[in-house]
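Asks: Here you go, one structure.
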Amino acid sequence: MSFEPTIVQSLKRSKCGDFVYFEDEATMSCSRDWSVHRVLKLFASCKITSIPVVDDVNTPIAVLTLEDIVRHVAMLASIRFDPRTTDDVMAELRALTVGEFLDKECGITDRLVIMDAEESLLSATERLAAGIHRICVVSNSELVTMITQTALLRFMVQSMHILHLRGFNMTMAEFVPRWVGDRVVVEAAPDVKTIDVINLMAKTGASGVAIVDTSADPEGVLIAQISRSDLRALLYVPEGVDLLHKDVITFYKVANTVESNIKYPRIGVTLDDTLSKAIEKMVATRLHHIYVLDSGFRSPRSVVCVHDVLSMAVADVETFGVQPE
C-alpha cells in the first residue's frame, strides 16, 4: 500500500482556483491606468506587498511588488545632483502610472507566472517550492486569484493543519542539513547605509538581511533584521527618502514607529527548536524567512525560507509516513 502524505493528497484534490489569496474580499488587482501611489496606499491598507496588474479584459500582464517601487525610489534618491525629499518622490509616484512604471522597469513582466484554475494546487506548490514567489491563476484568461509562497504556507497551517503531522516535529538541527544545506546568511553591519542594504537584497535575491554586530563578539550578534516588507517605512514616514542615506540602524529606529516586522528585531529559532515552531513564527509575522541562531540566541547560523518548507512538504514521503484513511 502507498503511504502518501496527507498533505500531498489534499493538495492534489484542491484546485488552484479554489485558493483565496485575499482573505476578506475578492481578488484585488490594478490596471496600467492606476497611479503607483494608489498601489502603495492599497499595499498599506491591506498589508500586502504585491498585486497583479491586469489589462482591459482582466488578463494578468504583470505582478507589481513593494520591492519594485522601493528600488525605483532608491534609484531616484541616489541621484545626488538632483536630491529629492519624500514629498517630491510621492508627487512623482502620484503622477506616474503603473503602465509607465512597467515600461521603465524592464524585467517585471518577464517574471509573470500563470496557471489555470483547474490545475491542482499540488502543481502550484511544486512550482513555488522551486523558487517562484507568486503565481497568477486564470480561468478563460481572466484573473481568478494569486498564490504566493507565504499565503500558501499560511493556508497549509490554518486549513490543512500540517503542524500536527509527524514530520514537522523534527528539530531544526535535523531539517537544516537536509533541506537548507550550507546557504549563506546575507549580513550587513549596523553602520551600513540603508540604500546599500536595499542593493544587497537586489544583488543576492535575499528576502531579508541580518544586521550583525561584531564589535563585542567576533562570532557576531544579530541585533536586527530587515525584510523586504519593512522597506515600506521608507515610503510611509516623512523622512523616508532621507533615511536611504543614513545607517540601517537609524532606519530601524524610525521604522519602528510603522506597523512592521521590524518591531520584532530578532525573530529566530535555535537548532534545538522544532520545525513547527519556526513555521508558526513565519506565519505569524508573514516573513519569507527565519534565522536559525546558536544556542545563546545570538549569532545566525542559517536561514530557512518558505520554499524550503514547501519543498519538504511535497517531496518527503518518508518523513510523514501517514497512511491515508
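Asks: Considering only region 146-186, how many residues are surrounded by 13 or more Cβ atoms within 10 Å (Cβ to Cβ) and in contact with a helix residue (DSSP H, G or I) (Cβ under 7 Å, 6 or more places away or on another chain)?
Replies: Going through region 146-186 one residue at a time, the tally reaches 21.
Asks: What do you reckon, is K104 loosely packed, with under 15 Cβ neighbours inside 10 Å and in contact with a His (Cβ under 9 Å, 6 or more places away or on another chain)?
Replies: The answer is yes for K104.
Matching residues to (1) exposed (fewer than 15 other Cβ atoms within 10 Å of the Cβ); (2) of a type in the set (F, W, Y); (3) in contact with a Leu (Cβ under 8 Å, 6 or more places away or on another chain):
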site	(1), (2), (3)
I114	yes, no, no
A117	no, no, no
L122	no, no, yes
A129	no, no, yes
I132	no, no, no
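Asks: Could you check region 40-63 and list, in sequence order, the residues that are of a type in the set (D, E, K, R) and in contact with an Asp or Glu (Cβ under 8 Å, 6 or more places away or on another chain)?
Replies: Selection gives K47 alone.
Asks: In region 74-98, what residues are at pLDDT below 90 and touching an Asp or Glu at 6+ places or on another chain (Cβ under 9 Å)?
Replies: Result: L76, A77, R84, T85, T86.
Asks: Quick check on this structure: which one of L143, L128, L121, L152 is touching a Pro at 6+ places or on another chain (Cβ under 8 Å) and outside the structural domain of E280 (by TED's automatic domain parsing)?
Replies: So the residue among L143, L128, L121, L152 that is touching a Pro at 6+ places or on another chain (Cβ under 8 Å) and outside the structural domain of E280 (by TED's automatic domain parsing) is L143.
Asks: So is T194 at pLDDT 90 or above, touching a Phe, Trp or Tyr at 6+ places or on another chain (Cβ under 6 Å) and among the hydroxyl-bearing types (S, T, Y) or not?
Replies: yes
Asks: Select from region 1-27 the residues that are in a loop (DSSP other than H, G, I, E, B) and at pLDDT 85 or above and write down the one among them that is surrounded by the fewest Cβ atoms within 10 Å (Cβ to Cβ).
Replies: Looking at the filtered set, the residue picked out is S14.
Asks: I'd like to know if region 154-175 contains one or more residues that are closer than 18 Å to L64 by Cα and of a type in the set (V, I, T). Even if it seems obvious, please write down each step before you answer.
Replies: In the first step, residues of region 154-175 are kept if they are closer than 18 Å to L64 by Cα; the result is none.
Among the residues of region 154-175, not one is closer than 18 Å to L64 by Cα and of a type in the set (V, I, T), which makes the answer no.
Asks: Okay, moving on. Would you point out which residue out of L200, L235, L231 is surrounded by fewer than 20 Cβ atoms within 10 Å (Cβ to Cβ) and either part of a helix (DSSP H, G or I) or modelled with pLDDT under 85 (or both)? Please lay out each step first, then the result.
Replies: Values: L235 fails: surrounded by fewer than 20 Cβ atoms within 10 Å (Cβ to Cβ); L231 fails: surrounded by fewer than 20 Cβ atoms within 10 Å (Cβ to Cβ).
Going through L200, L235, L231 in turn, the sole match is L200.
Asks: Give F155, F175 a once-over and let me know the one that is of a type in the set (F, W, Y) and farther than 15 Å from V20 by Cα.
Replies: Numbers: F155 fails: farther than 15 Å from V20 by Cα.
On inspection, the qualifying residue turns out to be F175.
The values are calculated or read from the model by the stated rules, or taken from the named source; none is laboratory data. It should be emphasised that the depicted structure is a prediction, and the values quoted were computed from it without experimental measurement. For neighbour counting, all protein chains shown are included, and Cβ atoms are generated from backbone atoms with ideal geometry for every residue, glycine included.
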